[in-house]
Amino acid sequence: MSLGRAGSRGLQLLWPALAGALQAVSMAMPGSGQAHGWLQILSMTLLATGLARLAQPCFRTRFAHQQAAVLGGVFAAAWLAGSFWWLFVSMHEVGGLPAPLAALAVLALACALALYYAAVCAVWVNWAQGLGASRPGAASALFAALWTLAELMRGRWLTGFPWAAGGYAHVDGILSVWAPWVGVYGMGALAAWLAMRLALSGWRLRALKPLIGLGVLSWGLQVWGPVFTTSAGAGRVELLQANISQTAKFDGASGIRDALQWYDAQLRASQQPLVVAPETAIPLLPQHLPQAYWSGLQQYFAGSDRTMALVGAPLGSLAEGYTNSVLALGPGDTASYRYDKSHLVPFGEFIPPSFGWFIRMMNIPLGDFKSGGWDQASVVWQGQRLAPNVCYEDLFGEELARRFRDPATAPTALVNVSNIAWFGNTLAVDQHLNISRMRAMELGRPMLRATNTGATAIIDHTGQVTAQLPRFTRGSLVGSYEGRNGLTPFARWASAWGLGPLWALCGAVVALAFWRRQRP
């Protein structure tokens, strides 16, 4: 291969990589942490423009679908690696994995997940020959369906890892109004459809028609759309943030002693009806705690009729297995409440088959938990039904929606306890905050976030942050929240069928395109 041809090939791969990097930035802008939906649509339109060019008969070759797979794969690998590069921190700085291996692991994960997108880009180009110019609406719908199927596959197959799905870039902006209707994947589908329409229109004046149409419809929903939920009353909460680094968290001489002393003092001192301590705030199993530590806290809250605490702690034993749990401390029946994390993190909380060797290379304690049930009840306290979820679980809106099957017992507020200290002072904090905001918007419920290092925040049912504690500081956030009753459309259909309607709709679009392609 000549040097000139190699340079040309490198430039051909550079632009989809840059476009993918733009999509990563759209999820949370460095510095501000703000999501930018327009930037996500721009990045997708750049990819769509390249695919549309390959689909034109005058440019098409028998290798066009392979070129499309490369474009889609490079775009997705850059987007995903640029979104969760902070996994390097957990594996190298916390887990002790050598830096080259940690970097290679992040890149390998991004490339493996990018295969979904490479495949659907190849299919679209292979099926869209001649369709783009004559039927841009149909070609755009096919692209949106295929892209959404790739998002769904990434989010559900092999335990799922949907971090940085395209819809999260629209937690702010005009498309955010669609969250309670179609959820994050539906918002991503709208963005993919719009991107391909813009690409197929060649950025000419007619390209503004779908953009204006979607904008007007979204604005109309925002101004005149129905209100799906009603107030369930206001509550007061105190959210605790100890700011203990992950490298010290399980050190008996520093982190463990510090956590036990600080959380004990803060829990007992709280004057609020609800106080929440983050994931594994108590870093030891109850049987390994100092004598009378846990029983002392239980007795203290059992004697109070005005305060309940939700505290993250590991539970279990070697014989029965371990759980990542949230325990209630309070009077009466609340004292028996326990929530066990259901959706576990691969490698962090369970070991996938054949990957034990990888975990043994890192120094990560308590790396193998067992899953809790999917239909665990909320804890009822002072007129509110509080539904805990632990860290990574709020990434799966369809799973949180299962608790909304019965409107009479549906949560009035969601409580997320997290420990993002694994990933240091990185954009993971801002990305996770935007994920929680999306869940609040989808389900029409406030989200109360208690984290170890940030972002500890109170989010209302519209996804707006009403109060937030400075990150990487020690303190407590005291504020008000308003519980909500009623169900959003997303909560209704996702609680009944999960993501099945999206799978079915996208599958139907693809099947129709295949049928038309087979017609003479």
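The values are calculated or read from the model by the stated rules, or taken from the named source; none is laboratory data. Because the structure is predicted, anything quoted here is derived from the model rather than measured. Note that each Cβ is placed from the backbone with ideal geometry, even for glycine, and that neighbours are counted across all protein chains shown.
For the subset of segment 298-316 comprising residues that are of a type in the set (Gly, Ala, Ser) and more than 30 Å from the chain's Cα centre (by Cα), which member is modelled with the highest pLDDT?
Filtering segment 298-316 down to residues of a type in the set (Gly, Ala, Ser) leaves 302-304, 309, 312-313, 316.
Next, only the ones that are more than 30 Å from the chain's Cα centre (by Cα) stay: 302-304.
Details: Ala302: 93, Gly303: 87, Ser304: 82.
Among those that are of a type in the set (Gly, Ala, Ser) and more than 30 Å from the chain's Cα centre (by Cα), it is Ala302.
Can you find a residue in segment 482-495 that is surrounded by fewer than 23 Cβ atoms within 10 Å (Cβ to Cβ), of a type in the set (Phe, Trp, Tyr), assigned to a helix (DSSP H, G or I) and on the phi < 0 side of the Ramachandran plot?
Yes; the residues of segment 482-495 include at least one that is surrounded by fewer than 23 Cβ atoms within 10 Å (Cβ to Cβ), of a type in the set (Phe, Trp, Tyr), assigned to a helix (DSSP H, G or I) and on the phi < 0 side of the Ramachandran plot.
For the subset of segment 497-517 comprising residues that are closer than 21 Å to Leu395 by Cβ and small (Gly, Ala, Ser), which member is surrounded by the fewest Cβ atoms within 10 Å (Cβ to Cβ)? Walk me through how you get there before you give the answer.
The first filter runs over segment 497-517 and keeps only residues closer than 21 Å to Leu395 by Cβ, leaving 497-503, 506.
Next, only the ones that are small (Gly, Ala, Ser) stay: 498, 500.
Working: Gly498: 16, Gly500: 12.
Taking the candidates together, the pick is Gly500.
For segment 367-419, what are the residues that are in a loop (DSSP other than H, G, I, E, B) and touching a residue at least 60 places away in the same chain (Cβ under 8 Å)? Quick ask: steps written out before the conclusion?
Taking segment 367-419 and keeping what is in a loop (DSSP other than H, G, I, E, B), we get 367-378, 382-383, 396, 405-412, 419.
Gln382, Gly383, Phe396, Arg405, Pro407, Ala410, Thr412, Asn419, listed by residue number.
Only one residue in Met196, Met187 is in contact with a His (Cβ under 6 Å, 6 or more places away or on another chain), modelled with pLDDT of 90 or more and either in a loop (DSSP other than H, G, I, E, B) or outside the structural domain of Thr466 (by TED's automatic domain parsing) (or both), so which one is that?
Met187
Taking the conditions exactly as written (β-branched (Val, Ile, Thr), buried (at least 24 other Cβ atoms within 10 Å of the Cβ) and not in a loop (DSSP other than H, G, I, E, B)), does Val74 satisfy them or not?
Details: β-branched (Val, Ile, Thr): yes; buried (at least 24 other Cβ atoms within 10 Å of the Cβ): yes; not in a loop (DSSP other than H, G, I, E, B): yes.
Taking the combined requirement at face value, the residue satisfies it.
Condition first: of a type outside the set (Lys, Arg) and either at positive phi or in contact (Cβ under 8 Å) with a residue 60 or more places away in the chain (or both). Can you find one or more residues in segment 108-121 that meet it?
Yes, there is a match, as at least one residue in segment 108-121 is of a type outside the set (Lys, Arg) and either at positive phi or in contact (Cβ under 8 Å) with a residue 60 or more places away in the chain (or both).
Across segment 204-233, which residue is modelled with the lowest pLDDT among those that are outside any helix (DSSP H, G or I) and surrounded by 12 or more Cβ atoms within 10 Å (Cβ to Cβ)?
Of the residues in segment 204-233, the ones outside any helix (DSSP H, G or I) are 204, 225-233.
Narrowing further to those that are surrounded by 12 or more Cβ atoms within 10 Å (Cβ to Cβ): 225, 228-229, 231-233.
Values: Gly225: 87, Phe228: 96, Thr229: 97, Ser231: 97, Ala232: 97, Gly233: 96.
That would be Gly225.
Tell me the residue from Trp493, Trp503, Trp497 that is more than 18 Å from the chain's Cα centre (by Cα), closer than 21 Å to Val177 by Cα and modelled with pLDDT of 95 or more, please.
Details: Trp503 fails: closer than 21 Å to Val177 by Cα; Trp497 fails: closer than 21 Å to Val177 by Cα.
Exactly one of Trp493, Trp503, Trp497 is more than 18 Å from the chain's Cα centre (by Cα), closer than 21 Å to Val177 by Cα and modelled with pLDDT of 95 or more, namely Trp493.
Residues in segment 127-142: is at least one crowded, with 24+ Cβ neighbours inside 10 Å, hydrophobic (A, V, I, L, M, F, W, C) and in a helix (DSSP H, G or I)?
Pass one, segment 127-142, residues crowded, with 24+ Cβ neighbours inside 10 Å: 128, 132, 139-140, 142.
Applying the additional criterion that residues be hydrophobic (A, V, I, L, M, F, W, C) yields 128, 139, 142.
Still in the list and also in a helix (DSSP H, G or I): 139, 142.
Within segment 127-142, one or more residues are crowded, with 24+ Cβ neighbours inside 10 Å, hydrophobic (A, V, I, L, M, F, W, C) and in a helix (DSSP H, G or I).
Conditions (1) among the β-branched types (Val, Ile, Thr); (2) farther than 19 Å from Arg385 by Cβ; (3) touching a strand residue (DSSP E or B) at 6+ places or on another chain (Cβ under 8 Å), marked per residue:
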| residue | (1), (2), (3) |
| --- | --- |
| Leu400 | no, no, yes |
| Thr412 | yes, no, yes |
| Val417 | yes, no, yes |
| Met438 | no, yes, no |
| Gly444 | no, no, yes |
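What pairs come out if I take residues in segment 447-471 that are under 10 Å from Leu433 (Cβ atoms) and pair them with residues that are buried (at least 17 other Cβ atoms within 10 Å of the Cβ) and of a type in the set (Asp, Glu) whose C-beta lies under 8 Å away, six or more apart or interchain?
These pairs meet every condition: Met447/Asp394; Thr451/Glu279; Ala455/Asp430.
Going through Trp85, Trp147, Trp79 one at a time, which residue ends up being at pLDDT 95 or above and outside any helix (DSSP H, G or I)? Don't jump to the end; show me each part of the working.
Details: Trp147 fails: outside any helix (DSSP H, G or I); Trp79 fails: outside any helix (DSSP H, G or I).
Residue meeting the stated conditions: Trp85.
Taking the options Ala328, Ala335, name whichever one is assigned to a strand (DSSP E or B), modelled with pLDDT of 80 or more and over 24 Å from Pro162 (Cβ atoms).
Details: Ala335 fails: assigned to a strand (DSSP E or B).
After ruling out the rest, the residue left standing is Ala328.
Which of the residues belonging to segment 258-276 are aliphatic (A, V, I, L, M), over 25 Å from Leu318 (Cβ atoms) and surrounded by 17 or more Cβ atoms within 10 Å (Cβ to Cβ)? Working first, answer last.
So in segment 258-276, the residues aliphatic (A, V, I, L, M) come out as 259-260, 265, 267, 269, 274-276.
The next check asks that each one be over 25 Å from Leu318 (Cβ atoms); those that pass are 265, 267, 269, 274-276.
Selection gives Leu267, Leu274, Val275, Val276.
Any idea which residue in segment 92-111 is surrounded by the most Cβ atoms within 10 Å (Cβ to Cβ), counting only those that are under 20 Å from the mean Cα position of the chain (by Cα) and of a type outside the set (Gly, Ala, Ser)?
Val106
With the structure loaded, tell me whether Gln66 is assigned to a helix (DSSP H, G or I) and either modelled with pLDDT of 95 or more or on the phi > 0 side of the Ramachandran plot (or both) or whether it fails that test.
Working: assigned to a helix (DSSP H, G or I): yes; either modelled with pLDDT of 95 or more or on the phi > 0 side of the Ramachandran plot (or both): no.
Considered against the rule, which asks whether it is assigned to a helix (DSSP H, G or I) and either modelled with pLDDT of 95 or more or on the phi > 0 side of the Ramachandran plot (or both), Gln66 comes out as no.
Do we find that Leu267 is modelled with pLDDT of 90 or more, over 24 Å from Gln382 (Cβ atoms) and either under 30 Å from the mean Cα position of the chain (by Cα) or in a loop (DSSP other than H, G, I, E, B) (or both) in this structure? Before the answer, list the steps.
Numbers: modelled with pLDDT of 90 or more: yes; over 24 Å from Gln382 (Cβ atoms): no; either under 30 Å from the mean Cα position of the chain (by Cα) or in a loop (DSSP other than H, G, I, E, B) (or both): yes.
Answer is no for this residue.
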